[in-house]
1. Which cross-chain or sequence-distant (5 or more) residues have an amide H under 5 Å from the amide H of Val31, H modelled 1.01 Å from N in plane?
2. Determine ³J(HN,Hα), in whole Hz, for all residues of the stretch 47-59 in sequence, where each value follows from phi through the Karplus function 6.51 cos²θ - 1.76 cosθ + 1.60 and θ = phi - 60°; x replaces Gly and Pro.
3. Which order do Met84, Met108 fall in if you start with the one that has the fewest other Cβ atoms within 10 Å?
4. Tell me the relative contact order for the stretch 27-157 as a rounded percent, counting alpha carbon contacts under 8 Å between residues six or more apart.
5. Please work out the C-alpha center-to-center distance from the stretch 81-151 to the stretch 42-64 and express it in whole Å.
6. In deg cm²/dmol and to the nearest 500, what is the mean residue ellipticity at 222 nm of the chain if only DSSP H runs of at least 4 residues count, each as -39500 (n - 2.57), divided by the residue total?
7. In what sequence do Arg134, Arg61 fall when counting other Cβ within 10 Å, fewest first?
8. Could you give me the ³J(HN,Hα) list for the stretch 122-135, computed from phi with Karplus coefficients 6.51, -1.76, 1.60 and θ = phi - 60°, whole Hz, x at Gly and Pro?
Amino acid sequence: MEKLKLTARSNHSTDDAMKGLSAVFIDADRVYIDNGAIHGKSNLERGIQFVKTLEEVPAPREIWVFWVTLKRNPEKDQGYHGVMPFRMWIDQDAKVGYKSLSEQVNKMDKAVKGQIDVTEVPPEVVEKLKGFLRGVRTDLWDNAWPTFTEVFGETRG
């Protein structure tokens, strides 16, 4: 199992609000963390030329990316706090991709502020995200903020 690097600590200097931020990628059946996405440098994005329209991507593969944030709850336990999705499309063979940078940044900001909105995400993708987040560190799942558990239909542990 891949170790989730959601620790609310960072090896680089950044705004405190960003220290609890991670990027969870769902690419078909693969679910993984790549925090390089915070700076637009995930492994998937490296070497890709991003174009202005989706129509410019010859054979687009849809990838869901979720900004996930942590925050200490009132009991001082760290738990999931914000979750906001955005999509990118990549054609690895052509080394071309499309994403809305403004959407990516706006969703990052909303996740940092503790907002959660997965209403436009297909249910099977939400289930993959839930399974991944629950399985990585159960303490973060059990200590999630009430808004998180309301959205994901779970009760606190």
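All of the numbers you see were taken from the coordinates with simple rules; none came from a lab. All of these numbers come straight from a predicted model, not from anything done at the bench. Glycine gets a Cβ as well: all are built from the backbone with ideal geometry, and neighbour counts include every protein chain shown.
1. Result for Val31 returns nothing.
2. x, 9, 8, 8, 9, 7, 9, 4, 4, 7, 9, x, 10
3. Ordered from fewest to most neighbouring Cβ atoms within 10 Å, Met84, Met108 come out as Met108, Met84.
4. 24 percent
5. Taking the Cα centre of each part, the stretch 81-151 and the stretch 42-64 sit 18 Å apart.
6. -7000 deg cm²/dmol
7. Lowest count first: Arg61, Arg134.
8. x, x, 5, 6, 4, 5, 4, 4, 4, x, 5, 5, 5, x
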